[in-house]
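Laboratory data are not the source of any read-out in this text; all were calculated from the coordinates shown. Because the structure is predicted, anything quoted here is derived from the model rather than measured. Using ideal geometry, Cβ is built from the backbone for each residue, glycine included, and neighbour counts are taken over all protein chains shown.
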Amino acid sequence: MKIEKECLECIYNQSTRVSDYLQVNKTQAIHISKIANQHIENFDFNNTPPHNATPMYEEIAKFLELSDLYADMKDEASLSALKFVSTCKDAINMMPDKLEGAIKAAIAGNVIDLAAEVMFDLEDEIAKIFQRDFDINDFELLKEKLQTTKTLVYLADNAGEEVFDKICIETIKELFPDIKVYYFVRGNPIINDLTISHAKKSGLDDVAILVDSGVPTPGYALDLASQDSLELFNSADCIISKGMGNYECLGDKSGFPLYFLLKVKCQVVAREIGANLGDIVCKKL
């Protein structure tokens, strides 16, 4: 998915969130704004939003001498998410189709996103999601695919979401015990996206094989992925892709058994995917 002009303001706003969250001084804030504007002026409109935004974040992190801009916030997001584990598991167990409940729990976690145009409340989302339908509904196709899947690649998104991904993977393995799950995380800290160290903190290695995808981008960019992760990606029987960043990188790729799970949080993605702001999506590529 190529970047659009509407993305520019959103990406600039992401840079101001860094200044606000880290409470930088005025001089630092001005310099961060300058970094953002310089990068935005040189964006490549033939490339994706994640490809374009990553160098900006890398320069801001270098300027502030921080390897992970949102390290503390990511820990807080995961701790907050843990409060809803029992609620989600109870809701899943009460549903006629446990897999549907698990997929909805995973999508509910996708509201945790510092790069979104619009923010949603996690508690409110969990309270509603198990009673609503998918707005784009390829769930039955995903369910059918999982019945013959031996290797599942699960593309992670943001820190905090992994708590709900873990519930989803546990349910998938309960229903389809022969499936081997590979859980892909980012190669370097970028925005609040999940890395391997954070995934281990949340015990994802108890339910899946953790894979450092190698990508420094907030989305699984095939051209930047490690060879090992690409081989797994290319050979997987099924790929579950969480979040908008992964959709931005993969939504126009063909020939992969891809199923996108996400909450629509920006108008550009809404138009691209054929949904509305706030919709919940289970979409086959």
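Summarising the strand pairing of the range 94-241, around 5 percent of its internal DSSP beta bridges are antiparallel.
With the cut-off at under 16 Å, measuring from each backbone N in the range 200-220 to a point 7 Å along the Cα-to-Cβ line of F256 picks out 211-220.
Quick check: the distance between the Cα centres of the range 174-211 and the range 1-69, to the nearest angstrom? Here the two parts' Cα centres lie 27 Å apart.
Of the residues H198, S226, F120, the one whose Cα sits farthest toward the positive end of the charge dipole of the range 112-266, with +1 on the Cβ of Lys and Arg and -1 on the Cβ of Asp and Glu, is S226. Once Lys and Arg get +1 and Asp and Glu get -1 on their Cβ, which of S19, L250, F139 lies farthest toward the positive end of the dipole of the chain? Result: F139, furthest along the dipole toward the positive end.
Under the simplified labelling scheme, the Y21-K180 pair shows an inter-label distance of 3.5 nm, with each label point 7 Å from Cα along Cα→Cβ.
DSSP assigns beta bridges within the range 178-285; of those with both partners inside it, close to 35 percent run antiparallel.
Antiparallel versus total DSSP beta bridges in the chain: what percent is that, nearest 5? Antiparallel bridges make up about 25 percent of those DSSP assigns within the chain. Suppose the Debye formula is applied to equal point scatterers at every Cα of the range 113-269; what is log10 I(q)/I(0) at q = 0.13, 0.15, 0.20 Å⁻¹? Log-scaled intensity ratios, in q order: -0.58, -0.79, -1.52. For the chain, the 222 nm mean residue ellipticity estimated from helices alone, with every DSSP H stretch of n ≥ 4 adding -39500 (n - 2.57) and the total spread over all residues, rounds to -15500 deg cm²/dmol. From a point 7 Å beyond the Cα of L230 in the direction of its Cβ, which residues of the range 199-218 have a backbone N at a distance under 20 Å? The answer is 211-218, whose backbone nitrogens lie closer than 20 Å to the label point. Evaluated at q = 0.19, 0.25, 0.26, 0.28 Å⁻¹, a Debye calculation over the C-alpha positions of the range 6-64 (equal weights, vacuum) places log10 I(q)/I(0) at -0.61, -1.01, -1.08, -1.23. FRET efficiency for the E144 to L222 pair, using the beta carbon distance and R₀ = 22 Å, is estimated at 0.30.
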